[in-house]
Amino acid sequence: MTVRRDNEQRKLPRERKIAKPEKVLERIEPGMSIFISTGPSEPRALVKALAASDLPGLQDLELIQLVSLGDALSEEVLHHQKYRLKTFFSGYIAGEAIRRGRVDLIPARISNIPKLIESGTIRVDVAFIQVTPPDDAGYMSLGLAVDAARLAMERAELVVGEINAHIPRTLGDTLVHESEFDLFVASDIEPIHVARWPDDEAFDKVAENIAALVRDGACVAYSIGPLYDALARRLASKHDLGIHSPIIPDAVMDLIKSGAVTNRKKAIFRGKTLASWALGTPELLRWLDDNPLVEFQGIDITADPETIGANDNFLAILPARKADLTGRIALHFGKGNVAVGPAEAYDLLQGARVSRGGRTIVGLPSRNRTGSPNIVLSVDDYPNQVPTRESIDLIVTEYGAAYLSGRTVRERAQALVDVAHPDDREDLVRQAKEAHILYPDQMYLAASGHLYPQEVAATRTFKGDLVVRFRAIKPSDEEEMRRLFYRFSDKAVYYRYFSPIKTMPHKKMQSYVNVDYRRTLSVVGVVGDVGEERVIAEARYVRAKDSTYADIAFVVDEEYHGRGIATFLFHHLIQLAKERGIEGFTADVLATNKAMMKVFERSPHPIRARVNAGVYEIVLPFGEDAAAGNPIHFDR
């Protein structure tokens with residue numbers, strides 16, 4: 001489908017520069033290195049002619065392509081010894097060919113590729129570049145891929161442009177003049193398209209959990225794949241997002257159309273979505289044509305960590321194939337993979353590290369399409385590893401987000417077990433104990449994995465504009481609950497536990513945070529950014545055996561007293577208990593604990609209380625509403 005109706009009407013360069021592909025190939029000599037435009041900008045007429053030709057000079061050639069999508073340069077073509085493809089990206093067709101030894105992979109950070117070409121480390125004798133038809137002044141656009149094409153043209157002895165009216169005239173550092181080319185060939189071949197990914201429930205839930213971590217004004221790197229398509233739908237309600245990304249797919253177009261992306265908060269190319277190449281549907285190509293909202297620049301700019309990091313709150317969002325319990329990840333590999341590879345990942349990780357407020361977020365479903373676990377003990381046996389686990393801030397599945405930054409290996413493992421598939425958690429705990437990652441006595445209640453009450457989650461704003469998020473307690477809350485305990489005064493500990501407890505070791509606390517949700521519901525209140533949250537409150541009920549009543553207790557960090565948090569937790573637990581068939585609460589409160597009794601005075605139901613040995617024994621049935629005034633009736 002032609003992008004521009006007027007492209008076909010534009011003047012071609014002077015006739016003496018127009019040649020048939022066969023005439024171009026006659027200029028090729030054995031041993032030459034030929035740079036070929038990246039993936040979506042592959043000059044397919046030239047490449048197909050190269051693959052089909054029997055000219056004697058086409059021997060022992062190096063073909064250099066940053067990303068090969070394996071169309072004209074198919075694995076079958078690469079089987080012939082006269083061509084050798086060098087690429088920097090192991091995805092799609094190149095992945096399988098690399099494994100079979102038919103393609104050479106050049107490990108390199110993509111921001112360094114232009115330097116390798118400029119210095120001559122990567123030799124370029126010939127450049128095959130896809131361009132749009134020229135305008136009246138003789139200027140053409142590099143279209144869908146800028147990356148390192150300009151440098152390749154400067155280094156090459158023979159520069160050939162493949163003019164294609166189907167590609168969009170993109171803006172930015174994309175304009176080249178016809179005088180920069182030695183020859184041209186004309187092509188009417190449609191550029192490579194990638195269809196949108198079908199909706200996937202697991203990826204949609206992963207995307208929902210990632211979107212909860214994305215603040216308004218954040219700057220995001222995008223790529224190709226089902227995670228990014230799902231994420232675009234989940235980010236559509238955000239405000240003033242920015243895009244700084246080596247590649248843009250249809251999902252970025254959707255986000256910009258939704259109004260979520262304005263790029264106003266960016267420090268670099270403010271107001272513009274920045275990219276080096278684009279890959280997607282014909283709709284995306286039409287939308288890119290002369291679009292002033294998108295700026296194409298070379299990968300020495302789009303992938304440069306310092307340039308990336310100049311944007312505050314930069315988020316490197318990476319789709320992973322596997323993640324292990326220490327936080328290492330393995331990226332996707334093999335045919336069909338056009339998503340982020342290690343070459344991109346390292347620059348994005350570094351950019352997020354230097355960005356103020358930057359983060360690296362890894363997203364993956366807890367299981368793959370065959371039902372195998374994606375959270376594993378180790379990724380040692382998987383290719384495309386990103387071993388810098390220190391750079392990964394969060395790993396997100398459909399079951400939540402595991403925050404890793406600043407945590408010990410043991411704490412990381414606990415957090416990752418919490419977001420693994422419920423059917424895999426018990427075995428992961430066993431493996432982690434055998435590998436001495438978790439404590440030998442680490443407990444795990446297998447049934448609780450499937451029973452985790454997501455519906456408990458709530459967010460409320462209290463006095464002083466304090467925002468508190470509430471959710472059910474998790475086994476990985478052990479360390480935070482320990483820290484909360486040690487922030488209590490002796491009096492607060494005595495009020496909560498009715499004894500002067502001085503320590504809360506692992507053995508005690510792990511029993512406290514591993515709850516059987518069928519009998520116990522524990523709700524924690526947390527403050528701070530998601531992933532850096534601090535537990536400041538906890539409330540729970542425990543249902544008595546063979547009873548319709550449950551015992552209730554709650555505690556709030558003393559720093560946050562007087563804001564209404566305890567009252568909210570009290571009412572929240574009442575509602576949750578009713579929904580679960582509980583008919584009332586019981587509680588024991590020390591007579592000197594006036595603050596707690598004031599909370600009970602706000603009960604929506606009447607309370608009966610009697611004093612026994614300095615302790616109020618409280619019974620709160622849910623059967624009727626409290627009368628006006630104090631709802632507590634004291635029995636003599």
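The values are calculated or read from the model by the stated rules, or taken from the named source; none is laboratory data. Here the structure is a predicted model, which is why all the values come from computation and not from measurement. Positions of Cβ are generated from backbone atoms using ideal geometry, with glycine treated the same way; all protein chains shown enter the neighbour counts.
Tabulated data
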item	result
Pick from the stretch 520-573, criterion of a type in the set (S, T, N, Q) and under 36 Å from the mean Cα position of the chain (by Cα), ranking: nearest to ARG482 (Cα to Cα)	SER522
Single residue of VAL515, VAL467, VAL527 found to be within 18 Å of GLU558 (Cβ to Cβ) and either surrounded by 15 or more Cβ atoms within 10 Å (Cβ to Cβ) or not charged (D, E, K, R) (or both)	VAL527
Matching option when the condition is farther than 27 Å from VAL194 by Cβ and at pLDDT below 85, among GLN59, GLN81	GLN81
Candidates ILE36, ILE98, ILE28 - the one that is farther than 19 Å from MET140 by Cα and at pLDDT 85 or above	ILE28
From ILE574, ILE552, residue being outside any strand (DSSP E or B) and β-branched (Val, Ile, Thr)	ILE574
Residue list for the stretch 270-290, filter: assigned to a loop (DSSP other than H, G, I, E, B) and surrounded by fewer than 20 Cβ atoms within 10 Å (Cβ to Cβ)	ARG270, GLY271, THR281, ASP289, ASP290
Candidates LEU438, LEU416, filtered to the one that is within 19 Å of VAL535 (Cα to Cα) and assigned by TED's automatic domain parsing to the domain that holds ASN368	LEU416
Residue within the stretch 174-191 that is surrounded by 16 or more Cβ atoms within 10 Å (Cβ to Cβ), of a type outside the set (Gly, Ala, Ser) and out of contact with any helix residue (DSSP H, G or I) (no Cβ under 8 Å at 6 or more places or on another chain) present	yes
Residues (on the phi < 0 side of the Ramachandran plot, assigned to a loop (DSSP other than H, G, I, E, B) and not aliphatic (A, V, I, L, M)) located in the stretch 406-454	ARG407, THR408, HIS421, TYR439, PRO440, ASP441, GLN442, TYR444, TYR452, PRO453
Residue list for the stretch 541-571, restricted to those being of a type outside the set (A, V, I, L, M, F, W, C) and touching a helix residue (DSSP H, G or I) at 6+ places or on another chain (Cβ under 8 Å)	TYR541, ASP557, GLU558, GLU559, HIS561, THR567
Candidate set: the stretch 582-636, residues that are part of a loop (DSSP other than H, G, I, E, B) and among the hydrophobic types (A, V, I, L, M, F, W, C); chosen: the one modelled with the lowest pLDDT	ALA628
Pick from the stretch 215-234, criterion touching a Leu at 6+ places or on another chain (Cβ under 8 Å) and surrounded by fewer than 22 Cβ atoms within 10 Å (Cβ to Cβ), ranking: farthest from ILE308 (Cα to Cα)	ASP216
Within the stretch 347-375, considering residues that are part of a strand (DSSP E or B) and surrounded by fewer than 21 Cβ atoms within 10 Å (Cβ to Cβ), the one nearest to the chain's Cα centre (by Cα)	ARG367
Which listed residue, of THR262, THR302, is of a type in the set (S, T, N, Q), farther than 18 Å from PRO191 by Cα and without any contact (Cβ under 8 Å) to a residue 24 or more places away in the chain	THR262
